[in-house]
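Novice: Let me give you the structure first, and then I'll get to my questions.
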């Protein structure tokens, strides 16, 4: 069986301005990228951080299958996303900047469009302007099935303990890392009611939050 391998030419593209006018983007570390047919698309993870009140979004796409473009999308409620900007799927590493952060939680995801018209989405990550000076926070406050834990780049969680209103332990999760700044904890098994969650960081800090399970 013959395998055809296409080699994309070396290119350097910088200072791409988003259509919306509020976001600028630039490709990083652009090098020749071999794209082989029949290599499945691996999970592309988008990460987010805040530096000097500017949102920084980055992702890596080392293994691709006929990707035509990446579309960065943004939401303020985590449900309804709108188009921000797009980039051709020809590179290893990507970065975008959001200079108009909304007060509260800003949600981001990638719409990954293939050359045949099919598309998929990346993970959803957030920038929480209310917690710029906090290292760990949770969302949403009203949980349906998953509780999200947001961490800064220098943090990880060694344990998560959930207790009910009477102080009885209901659930304990293993250590979670900040690979994408936003970790998911399954809470579907909990009965409706109010709960407290104790997060212990890799620095030994104990952080307590409360949430309601629907």
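The values are calculated or read from the model by the stated rules, or taken from the named source; none is laboratory data. As the structure is a prediction and not an experimental result, all values here were calculated from the model. As a convention, Cβ positions derive from the backbone with ideal geometry for all residues, glycine included, and neighbour counts pool all protein chains shown.
Novice: Got at least one residue in the stretch 51-62 being surrounded by 16 or more Cβ atoms within 10 Å (Cβ to Cβ) and modelled with pLDDT under 80?
Specialist: Scanning the stretch 51-62 turns up no residue that is surrounded by 16 or more Cβ atoms within 10 Å (Cβ to Cβ) and modelled with pLDDT under 80.
Novice: Only one of these is without any contact (Cβ under 8 Å) to a residue 60 or more places away in the chain and part of a loop (DSSP other than H, G, I, E, B): 68, 79. Name it.
Specialist: 79
Novice: Would you mention how many residues in the stretch 193-204 are in contact with a strand residue (DSSP E or B) (Cβ under 8 Å, 6 or more places away or on another chain) and either part of a loop (DSSP other than H, G, I, E, B) or outside the structural domain of residue 161 (by TED's automatic domain parsing) (or both)?
Specialist: Of the residues in the stretch 193-204, 1 are in contact with a strand residue (DSSP E or B) (Cβ under 8 Å, 6 or more places away or on another chain) and either part of a loop (DSSP other than H, G, I, E, B) or outside the structural domain of residue 161 (by TED's automatic domain parsing) (or both).
Novice: What's the number of the condition residue 113 fails, among (1) at pLDDT below 85; (2) farther than 18 Å from residue 182 by Cβ?
Specialist: Failing condition for residue 113: (1).
Novice: Which of the residues belonging to the stretch 150-172 are surrounded by fewer than 19 Cβ atoms within 10 Å (Cβ to Cβ) and modelled with pLDDT under 80?
Specialist: Passing the criteria: 152, 153, 154, 156, 165, 166.
Novice: Being outside the structural domain of residue 86 (by TED's automatic domain parsing), at pLDDT 85 or above, in contact with a strand residue (DSSP E or B) (Cβ under 6 Å, 6 or more places away or on another chain) and part of a loop (DSSP other than H, G, I, E, B) narrows it down to one of 147, 190, so name that one.
Specialist: 190 is the lone residue from the list that is outside the structural domain of residue 86 (by TED's automatic domain parsing), at pLDDT 85 or above, in contact with a strand residue (DSSP E or B) (Cβ under 6 Å, 6 or more places away or on another chain) and part of a loop (DSSP other than H, G, I, E, B).
Novice: Also, I was wondering about something else. Report yes if residue 94 is over 12 Å from the mean Cα position of the chain (by Cα), at pLDDT 90 or above and not assigned by TED's automatic domain parsing to the domain that holds residue 148, otherwise no.
Specialist: yes
Novice: What are the residues in the stretch 106-124 that are within 17 Å of residue 83 (Cβ to Cβ) and outside any loop (DSSP other than H, G, I, E, B), if any?
Specialist: Once the filter is applied, which keeps residues that are within 17 Å of residue 83 (Cβ to Cβ) and outside any loop (DSSP other than H, G, I, E, B), the stretch 106-124 yields 106, 107, 108, 109, 110, 111, 112, 113, 119, 120, 121.
Novice: Please work out if residue 35 is at pLDDT below 85 and not assigned by TED's automatic domain parsing to the domain that holds residue 203.
Specialist: For residue 35, the condition - at pLDDT below 85 and not assigned by TED's automatic domain parsing to the domain that holds residue 203 - is met.
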